[in-house]
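Read through the structure below, which is laid out as structure tokens, and then see the notes.
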Amino acid sequence: MKYKRWVPGLLFLGVSSLAQIASFNFDADAVDKAPGGFTSYATGDGPAGKWLVKEFPDAPSGRHVVQQTDAVNSDGRFPVLIADAGEYSDLDVSVKAKALSGKIDQGMGLVFRFRDPKSYYIVRANALEDNFRLYKMVNGKRLQFAGANVKVATNQWHALRVVTQGDRIRCFFDGKQLIDATDKTYKTGKIGLWTKADSIIAFDDLVVTK
């Protein structure tokens, strides 16, 4: 029997499904430190984010979350935090996110099929704009190809979810499917978290099923 190496903040569920399900809840990570098993990248313009584990009394599970803490006044800045392990094609990935502050933006996002800092998909909700958008980063340029308008409250936990099957991409917000799109740009890649500009966002329970 083969066992996965344990990584702080990463829980592999079920002996029979070790290669299928990964869940990151950050409860094994130290507060005010970067989470283990992730890499921070700068995408778009501006610096990379400062991602730290924080203790939240209202965390969706446990008490620890990961938070992008650095508010930088740059509209084209897209900090991402990418899980080091695992590349996925067809998958079901979800995360809980809460917008805490941001004057330019309060964007909370879920990255999938991440190839490099200039090449990935992102679905994001924005608490200042009350919308839900699906983008792809191509050669470092963010291109929207689907979206919907929806109420996104600040200081409230929301659920973002993406299901991919080949070229089909379905995106859910708070349990409701709002986007059903197709795109052939990227076939596989890593998963992670995303913010924009001066957005201060907390995330918990990043779960992927292959």
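The values are calculated or read from the model by the stated rules, or taken from the named source; none is laboratory data. No experiment lies behind these values; they were computed from the predicted model shown. All Cβ positions, glycine included, derive from the backbone under ideal geometry; neighbour counts span all protein chains shown. Ligands, DNA and RNA are excluded from the accessible area calculation, which covers all protein heavy atoms including side chains. Shrake-Rupley method; radii C 1.70, N 1.55, O 1.52, S 1.80 Å.
Within the stretch 99-151, the residues that satisfy the criterion of being in a strand (DSSP E or B), over 19 Å from GLY49 (Cβ atoms) and more than 15 Å from the chain's Cα centre (by Cα) are ASN131, VAL138, LYS141, LEU143, GLN144, PHE145, ALA146, GLY147, ALA148, ASN149.
The residues of the stretch 81-98 that are more than 19 Å from LYS187 (Cβ to Cβ) and in a strand (DSSP E or B), listed by number, are LEU81, SER94, VAL95, LYS96, ALA97, LYS98. Of all the listed residues (ASP58, ASP45), the sole one being out of contact with any strand residue (DSSP E or B) (no Cβ under 8 Å at 6 or more places or on another chain) and acidic (Asp, Glu) is ASP58. Out of the residues in the stretch 175-206 that are outside any strand (DSSP E or B) and free of Cβ contacts under 8 Å to residues at least 24 places away in the same chain, which is nearest to ASP105 (Cα to Cα)? Filtering first and then ranking leaves GLY175.
Per the listing LYS50, LYS103, the residue uniquely among the basic types (Lys, Arg), in contact (Cβ under 8 Å) with a residue 40 or more places away in the chain, open to solvent by 60 Å² or more (accessible area, probe 1.4 Å) and within 15 Å of THR195 (Cβ to Cβ) is LYS103. Checking each residue of the stretch 186-196 against the condition of being surrounded by 14 or more Cβ atoms within 10 Å (Cβ to Cβ), among the small types (Gly, Ala, Ser) and closer than 24 Å to GLY36 by Cα gives at least one match.
Inspect all residues belonging to the stretch 72-80 and state whether any of them is touching a residue at least 60 places away in the same chain (Cβ under 8 Å), within 16 Å of GLN156 (Cα to Cα) and of a type in the set (A, V, I, L, M, F, W, C). The answer is no, given that none of the residues of the stretch 72-80 is touching a residue at least 60 places away in the same chain (Cβ under 8 Å), within 16 Å of GLN156 (Cα to Cα) and of a type in the set (A, V, I, L, M, F, W, C).
Residues that are among the charged types (D, E, K, R), buried (at least 18 other Cβ atoms within 10 Å of the Cβ), touching a Lys or Arg at 6+ places or on another chain (Cβ under 9 Å) and modelled with pLDDT of 95 or more do not occur anywhere in the stretch 80-92. Among all residues of the stretch 57-66, there is at least one that is of a type in the set (Gly, Ala, Ser), out of contact with any Phe, Trp or Tyr (no Cβ under 8 Å at 6 or more places or on another chain) and open to solvent by less than 40 Å² (accessible area, probe 1.4 Å). The residues of the stretch 114-132 that are surrounded by 17 or more Cβ atoms within 10 Å (Cβ to Cβ) and without any contact (Cβ under 8 Å) to a residue 24 or more places away in the chain amount to a single one, ASN131. Going through (1) surrounded by fewer than 17 Cβ atoms within 10 Å (Cβ to Cβ); (2) in contact (Cβ under 8 Å) with a residue 60 or more places away in the chain; (3) within 21 Å of ASP70 (Cα to Cα); (4) of a type outside the set (A, V, I, L, M, F, W, C) one by one, GLY166 falls short only on (3).
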